[in-house]
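Asks: Sharing a structure, written as structure tokens. Questions coming.
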Amino acid sequence: MSVELKLKNFTPNEIAKITGGSLELFGNADIESANKYISTSSSEGGEGVLFCAIKGQNVDGNDFIPDALERGSSCFLCQYVPDSAKNSGKPFCAVIVEDTIKAIGTLAAYYRKLSKAKFVAITGSVGKTTTKEFIYAVASASFKTHKTQGNYNNELGLPLTIFGIEPSHEVVVLEMGMSALGEIEYMTKIACPDIALVTNIGTSHLASLGTRENICRAKMEIRLGLGENGVLLLNADEPLLWEQSEMLETKPQLMSVYNRCGDYRAVNIRQKVDGMVYDLIYANKAVTNVEVPALGKHNVYNSLAAYAVGVILGMSDDQIRRGLKLFVGADMRQKIYDVGGITVIDDCYNASPESMRAAIDVLVSMAGKKNTRPAALLGDMLELGEYSRLMHDQLGQYAAQMQVQKLFCYGMMADIVAEAAIKKGIRADNVFVCLDIRDAQGMADMILQALSPGDILLVKASRAVAAERIIECMKKRRSKKKRI
């Protein structure tokens, strides 16, 4: 990814001073030449492009310095310079650091301070990307807004997002993911947010963190980057976050549906065919009929967070309402297609026990309004560690409890989900199993044979399962059938 630096161009000399790296010169190199772009890919090397060489588990970016040099780059942030680059005869500068990713973070922290924008940081076990999109939609109704793109929510992606800030940006919305303690602390201290938000505490990352309490500790690190006047927003309906709110010296602002102590409370929640409607109580007033163009109670929470951010940014109720209506979900998150008369809810981006249950709730509600049969393809949920078997068993039970009519179980844990669903009441001949996630076509064929036009199908699994391939196979099969 190549990013154009619009707040400031960095010279090799400045990069060395900011990162604490050692500046090495080769040939007749110019230490004051401007770097207008930053990139982590040698294929994007060129004049004015700072190539940051990252040493990964399988590929060492330092080995690609000669390639970027050949393409025109003359400045490198790296851990060492290969002999082939040294002997190339081309003039260039190299800032040698111990850890390139950490050095990029240090450079990004410097760059962030050049912006006058308000920074909003979001984390949570479930819903952080959708909440980011809601906040972006709301802020964009009144401000020039920049946001995290795709999955650039980690220790490298966040700095690259910050490098994309322009002078005209007034609000920056950053998503922060993690897999271990300390990662969010690292990112929030780079971003120094004005507003920090934790959506909820779920069970993702139990494999690496062991308990929900540890997950909560990791997520709450986001507050460590807040400035003196920073605002922390927490979901008061999550017991672990409510407990944290009681312990903090500086009281956070709270969002809730059930907890009456919430500073922003959604009440009288209703579902329409294409979204949710609720009334909002905050600052001793009521705002009626807040409309959200997304289904499910979980999206009430997501939009509530965006509403709170809008208020903190100084927006009026009308401006915030207008922004909420601009919301567009991210790819593979609750996208709806028609495949040969079957309504398909594409929610393939990721999955956890909490988001699976929320998605099933949406499915059953939509099916009820359309008076049709709800069906679900449920794939593996990853990163659950020793709890994996239990939580897949509970998933199958929940699908049966919510009266999913046809269940398609996909992945290594498919038989666990299937067995639990059958024991809980789904007829065995309405449960289909595919243990091999490489066989997307086989799963697609099972679905097309079992479902009829008018049925509604939820497709959801963890990202690594790539369940969207099944939808593509269904589309191709239906398209081929039409041609025949």
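The values are calculated or read from the model by the stated rules, or taken from the named source; none is laboratory data. All figures in this text were calculated on a predicted structure; none of them were measured in a lab. Note that we place each Cβ from the backbone using ideal geometry, even for glycine, and neighbour counts take in every protein chain shown. With ligands, DNA and RNA removed, areas are computed over all heavy atoms of the protein, side chains included. Shrake-Rupley method; radii C 1.70, N 1.55, O 1.52, S 1.80 Å.
Asks: Might you check whether a residue that is out of contact with any Phe, Trp or Tyr (no Cβ under 9 Å at 6 or more places or on another chain) and outside any loop (DSSP other than H, G, I, E, B) occurs anywhere in region 248-266? I'd like the intermediate steps shown before the answer.
Replies: Taking region 248-266 as the starting set, the residues that turn out to be out of contact with any Phe, Trp or Tyr (no Cβ under 9 Å at 6 or more places or on another chain) are 248-252, 258, 260.
From what is left, the residues that are outside any loop (DSSP other than H, G, I, E, B) are none.
Looking for residues that are out of contact with any Phe, Trp or Tyr (no Cβ under 9 Å at 6 or more places or on another chain) and outside any loop (DSSP other than H, G, I, E, B), one finds none in region 248-266, hence no.
Asks: If you go through region 129-148 one residue at a time, how many are closer than 16 Å to Asn350 by Cβ and touching a helix residue (DSSP H, G or I) at 6+ places or on another chain (Cβ under 7 Å)? Outline the logic, then answer.
Replies: Going through region 129-148, the residues closer than 16 Å to Asn350 by Cβ turn out to be 129-133, 148.
Then drop every residue that is not touching a helix residue (DSSP H, G or I) at 6+ places or on another chain (Cβ under 7 Å), which leaves 130-131, 148.
Residues that pass the stated criteria total 3.
Asks: From the list Leu224, Leu233, pick out the single residue that is closer than 20 Å to Ser125 by Cβ and open to solvent by less than 40 Å² (accessible area, probe 1.4 Å).
Replies: Details: Leu224 fails: open to solvent by less than 40 Å² (accessible area, probe 1.4 Å).
Going through Leu224, Leu233 in turn, just one is closer than 20 Å to Ser125 by Cβ and open to solvent by less than 40 Å² (accessible area, probe 1.4 Å): Leu233.
Asks: Quick check on region 126-148: of everything there that is within 13 Å of Ala306 (Cβ to Cβ) and basic (Lys, Arg), which residue is surrounded by the fewest Cβ atoms within 10 Å (Cβ to Cβ)?
Replies: Lys147
Asks: Give me the pairs, please: first residue somewhere in region 231-247 and on the phi > 0 side of the Ramachandran plot and among the small types (Gly, Ala, Ser), second residue anywhere and surrounded by 16 or more Cβ atoms within 10 Å (Cβ to Cβ) and not in a helix (DSSP H, G or I), beta-carbon distance under 7 Å, and either six or more positions apart or on two chains.
Replies: As it stands, the answer is none, since no pair meets every condition given.
Asks: Here's something else I'd like to know. Quick check on region 223-231. Is at least one of its residues touching a strand residue (DSSP E or B) at 6+ places or on another chain (Cβ under 9 Å) and assigned to a loop (DSSP other than H, G, I, E, B)?
Replies: Yes, some residue in region 223-231 is touching a strand residue (DSSP E or B) at 6+ places or on another chain (Cβ under 9 Å) and assigned to a loop (DSSP other than H, G, I, E, B).
Asks: Please determine, by comparing only the residues of region 159-203 that are part of a loop (DSSP other than H, G, I, E, B) and under 14 Å from the mean Cα position of the chain (by Cα), which one is nearest to Lys116 (Cα to Cα).
Replies: Keep residues of region 159-203 that are part of a loop (DSSP other than H, G, I, E, B), which gives 164-170, 176-182, 192-194, 199-203.
Subsequent filtering for residues that are under 14 Å from the mean Cα position of the chain (by Cα) retains 176-179, 199-200.
Details: Met176: 21, Gly177: 24, Met178: 27, Ser179: 30, Thr199: 26, Asn200: 29 Å.
Selected residue: Met176.
Asks: Could you please let me know if Ile18 is closer than 19 Å to Glu155 by Cα and open to solvent by less than 50 Å² (accessible area, probe 1.4 Å)? Steps first, answer last, please.
Replies: On the way: closer than 19 Å to Glu155 by Cα: yes; open to solvent by less than 50 Å² (accessible area, probe 1.4 Å): yes.
Against the criterion (closer than 19 Å to Glu155 by Cα and open to solvent by less than 50 Å² (accessible area, probe 1.4 Å)), Ile18 qualifies.
Asks: Also: State all residues of region 21-42 that are more than 16 Å from Ser74 (Cβ to Cβ), surrounded by fewer than 18 Cβ atoms within 10 Å (Cβ to Cβ) and in contact (Cβ under 8 Å) with a residue 60 or more places away in the chain; if no residue qualifies, say none.
Replies: Result: Ser22, single match.
Asks: Checking Ala191 against (1) over 23 Å from Ile320 (Cα atoms); (2) hydrophobic (A, V, I, L, M, F, W, C); (3) open to solvent by 20 Å² or more (accessible area, probe 1.4 Å); (4) in contact (Cβ under 8 Å) with a residue 40 or more places away in the chain: exactly one of these is not met. Which one?
Replies: So the condition that Ala191 fails would be (3).
Asks: Test of understanding: among Met412, Met446, which residue is assigned to a loop (DSSP other than H, G, I, E, B) and open to solvent by 20 Å² or more (accessible area, probe 1.4 Å)? Explain how you work it out, then say what you get.
Replies: On the way: Met446 fails: assigned to a loop (DSSP other than H, G, I, E, B).
The conditions single out Met412.
Asks: Another question, then. Could you grab the pairs with beta carbons closer than 8 Å, sequence gap of 6+ or different chains, first residue in region 63-92 and touching a residue at least 60 places away in the same chain (Cβ under 8 Å) and of a type in the set (Phe, Trp, Tyr), second one part of a loop (DSSP other than H, G, I, E, B) and surrounded by fewer than 16 Cβ atoms within 10 Å (Cβ to Cβ)?
Replies: Filtered contacts from region 63-92: Phe92/Gly27.
Asks: Run down Leu224, Leu241, Leu233, Leu248 and say which single residue is over 22 Å from Ala283 (Cβ atoms) and among the aliphatic types (A, V, I, L, M). Write out each step before concluding.
Replies: Details: Leu241 fails: over 22 Å from Ala283 (Cβ atoms); Leu233 fails: over 22 Å from Ala283 (Cβ atoms); Leu248 fails: over 22 Å from Ala283 (Cβ atoms).
Criteria check complete, one pass: Leu224.
Asks: Are any of the residues in region 86-95 open to solvent by 40 Å² or more (accessible area, probe 1.4 Å) and in contact with a Ser or Thr (Cβ under 8 Å, 6 or more places away or on another chain)?
Replies: Let us first name the residues in region 86-95 that are open to solvent by 40 Å² or more (accessible area, probe 1.4 Å), namely 86-91.
Still in the running and in contact with a Ser or Thr (Cβ under 8 Å, 6 or more places away or on another chain): 90-91.
Taking every residue of region 86-95 in turn, at least one turns out to be open to solvent by 40 Å² or more (accessible area, probe 1.4 Å) and in contact with a Ser or Thr (Cβ under 8 Å, 6 or more places away or on another chain).
Asks: Against the definition (over 30 Å from Ala286 (Cβ atoms) and either modelled with pLDDT of 90 or more or buried (at least 17 other Cβ atoms within 10 Å of the Cβ) (or both)), how does Ala400 come out, yes or no? Before the answer, list the steps.
Replies: On the way: over 30 Å from Ala286 (Cβ atoms): yes; either modelled with pLDDT of 90 or more or buried (at least 17 other Cβ atoms within 10 Å of the Cβ) (or both): yes.
Yes, satisfied.
Asks: Sticking with this structure for a sec: Quick one: which of Val433, Val404, Val417 is in a helix (DSSP H, G or I) and either within 27 Å of Thr129 (Cα to Cα) or free of Cβ contacts under 8 Å to residues at least 60 places away in the same chain (or both)? Talk me through it step by step, then tell me what you get.
Replies: Values: Val433 fails: in a helix (DSSP H, G or I); Val404 fails: in a helix (DSSP H, G or I).
That would be Val417, the only listed residue that is in a helix (DSSP H, G or I) and either within 27 Å of Thr129 (Cα to Cα) or free of Cβ contacts under 8 Å to residues at least 60 places away in the same chain (or both).
Asks: If you scan region 1-15, which residues turn out to be open to solvent by less than 30 Å² (accessible area, probe 1.4 Å) and of a type in the set (S, T, N, Q)?
Replies: So the first thing to find is which residues in region 1-15 are open to solvent by less than 30 Å² (accessible area, probe 1.4 Å), and the list is 3, 5, 10-12, 15.
Hit for region 1-15 is Thr11, nothing else.
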